[in-house]
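The values are calculated or read from the model by the stated rules, or taken from the named source; none is laboratory data. What you see is a predicted model, and the numbers here were worked out from it, not measured in a lab. With ideal geometry, Cβ positions are generated from the backbone for all residues, glycine too; neighbour counts draw on all protein chains shown. Areas reflect the complete protein model, heavy atoms only, side chains present, ligands, DNA and RNA absent. Shrake-Rupley method; radii C 1.70, N 1.55, O 1.52, S 1.80 Å.
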Amino acid sequence: MEDKRNIQIIEWEHLDKKKFYVFGVAMTMMIRVSVYPFTLIRTRLQVQKGKSLYHGTFDAFIKILRADGVAGLYRGFLVNTFTLISGQCYVTTYELTRKFVADYSQSNTVKSLVAGGSASLVAQSITVPIDVVSQHLMMQRKGEKMGRFQVRGNPEGQGVVAFGQTKDIIRQILRADGLRGFYRGYVASLLTYIPNSAVWWPFYHFYAEQLSSLCPKECPHIVFQAISGPLAAATASILTNPMDVIRTRVQVEGKNSIILTFRQLMAEEGPWGLMKGLSARIISATPSTIVIVVGYESLKKLSLRPELVDSRHW
């Protein structure tokens, strides 16, 4: 009789693709709404010089809320929702690459490592232009700017709203850098997110397998999968945060060199500067990863082809 502690991974060929994409878009949107404020806070913490504006994640949260209200925590959100496209490209690439690699290796670590890196490469090629625009919108504060560009107000003194701000930022990027400006920091993004994704998946499966062996066989798989996700996210965040800080500065401050950005950061703030925004990153990653893992694993189970439903344990 099959041991229920063995986690059976649902592969691409087991899925009903129509259900998978419909449920996937809805799930991704809910996750983005819940974690976006911490993404904004992390970006501002990484860009500020020293502790000139905020002393930490909680301090930034309170100050932004007081200055701009709840809307201030969602600056650039409408633009950022276009990354839903890259999200679906990510999961498709990940699952298809796992299927391809399975012809050459049955090691789950190898499949996860290659598929995670490949999926991130595809997703970042779509995401970077959206990130560049949304990050500049995140930097907008009442009466002052943190990044290179400032959204201009209208004659009545009111700020331009919604997509008016987006158009203004896009025009300024085009004037300053041309089309290349939308891919500023592309290499830095690849150097951040490919390792992050390549590391996350193997650690996720590793932690899940270890917890599975420790838990009673009656324990639902989804429980230790939900614990494994944040553990993997924290591990990946610690390993890749230095590159994430550099990526953010390259994109927001308009720098052209990863190496020069690194040197300037080290000169100004020392090694600890490479860990800026780490707590905000882990705080945002923990709930989002729990939701992503529970949602993604549930999504795959709900999207199973009918004849396979009874063969997978929850």
Subset of the stretch 208-238 [β-branched (Val, Ile, Thr) and closer than 30 Å to residue 273 by Cβ]: 235, 238
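In the set 47, 132, 91, 114, which member is under 30 Å from residue 209 (Cβ atoms), at pLDDT below 90 and surrounded by 18 or more Cβ atoms within 10 Å (Cβ to Cβ)?
Step by step, each of 47, 132, 91, 114 is checked, and only 91 is under 30 Å from residue 209 (Cβ atoms), at pLDDT below 90 and surrounded by 18 or more Cβ atoms within 10 Å (Cβ to Cβ).
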Restricting the stretch 52-68 to residues that are within 13 Å of residue 279 (Cβ to Cβ) and without any contact (Cβ under 8 Å) to a residue 60 or more places away in the chain, the residue that is least open to solvent (accessible area, probe 1.4 Å): 54
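Answer with yes or no whether residue 194 is open to solvent by 40 Å² or more (accessible area, probe 1.4 Å), closer than 19 Å to residue 119 by Cα, part of a helix (DSSP H, G or I) and touching a residue at least 24 places away in the same chain (Cβ under 8 Å). I'd like the intermediate steps shown before the answer.
On the way: open to solvent by 40 Å² or more (accessible area, probe 1.4 Å): yes; closer than 19 Å to residue 119 by Cα: yes; part of a helix (DSSP H, G or I): yes; touching a residue at least 24 places away in the same chain (Cβ under 8 Å): yes.
Here the answer is yes, as residue 194 does meet what is asked.
Given the criteria in contact with a helix residue (DSSP H, G or I) (Cβ under 6 Å, 6 or more places away or on another chain) and surrounded by fewer than 20 Cβ atoms within 10 Å (Cβ to Cβ), does residue 36 qualify?
Working: in contact with a helix residue (DSSP H, G or I) (Cβ under 6 Å, 6 or more places away or on another chain): yes; surrounded by fewer than 20 Cβ atoms within 10 Å (Cβ to Cβ): no.
For residue 36, the condition - in contact with a helix residue (DSSP H, G or I) (Cβ under 6 Å, 6 or more places away or on another chain) and surrounded by fewer than 20 Cβ atoms within 10 Å (Cβ to Cβ) - is not met.
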Test result for residue 43, under 30 Å from residue 301 (Cα atoms), under 17 Å from the mean Cα position of the chain (by Cα) and among the β-branched types (Val, Ile, Thr): no
Considering residues of the stretch 267-314 that are among the hydroxyl-bearing types (Ser, Thr, Tyr) and open to solvent by less than 30 Å² (accessible area, probe 1.4 Å) only, the residue modelled with the highest pLDDT: 289
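Kindly indicate the residue of the stretch 46-62 that is out of contact with any Phe, Trp or Tyr (no Cβ under 6 Å at 6 or more places or on another chain) and in a helix (DSSP H, G or I) and also nearest to residue 284 (Cα to Cα) among those meeting that condition. Please lay out each step first, then the result.
Quick first cut of the stretch 46-62, residues out of contact with any Phe, Trp or Tyr (no Cβ under 6 Å at 6 or more places or on another chain) only: 46-59, 61-62.
This time we only want the ones that are in a helix (DSSP H, G or I), so: 46-47, 57-59, 61-62.
Details: 46: 14, 47: 17, 57: 10, 58: 12, 59: 15, 61: 12, 62: 16 Å.
Only one residue fits best here, namely 57.
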Some residue of the stretch 1-14 being in contact with a Ser or Thr (Cβ under 9 Å, 6 or more places away or on another chain), open to solvent by less than 20 Å² (accessible area, probe 1.4 Å) and in a helix (DSSP H, G or I): no
Where residue 104 falls short, out of the listed (1) outside any helix (DSSP H, G or I); (2) closer than 24 Å to residue 275 by Cα: (2)
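So which residues in the stretch 246-279 are at negative phi and in contact with a Leu (Cβ under 6 Å, 6 or more places away or on another chain)?
Residues satisfying the conditions are 273, 276.
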Selected residue (criterion: modelled with the lowest pLDDT) from residues of the stretch 161-175 that are open to solvent by 40 Å² or more (accessible area, probe 1.4 Å) and of a type in the set (A, V, I, L, M, F, W, C): 161
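Could you tell me whether residue 105 is small (Gly, Ala, Ser), modelled with pLDDT of 85 or more and either over 20 Å from residue 24 (Cβ atoms) or open to solvent by less than 20 Å² (accessible area, probe 1.4 Å) (or both)? Outline the logic, then answer.
Values: small (Gly, Ala, Ser): yes; modelled with pLDDT of 85 or more: yes; either over 20 Å from residue 24 (Cβ atoms) or open to solvent by less than 20 Å² (accessible area, probe 1.4 Å) (or both): yes.
So residue 105 fits the description; yes.
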Filter result (farther than 15 Å from residue 46 by Cα, hydroxyl-bearing (Ser, Thr, Tyr) and crowded, with 23+ Cβ neighbours inside 10 Å) within the stretch 218-266: 228
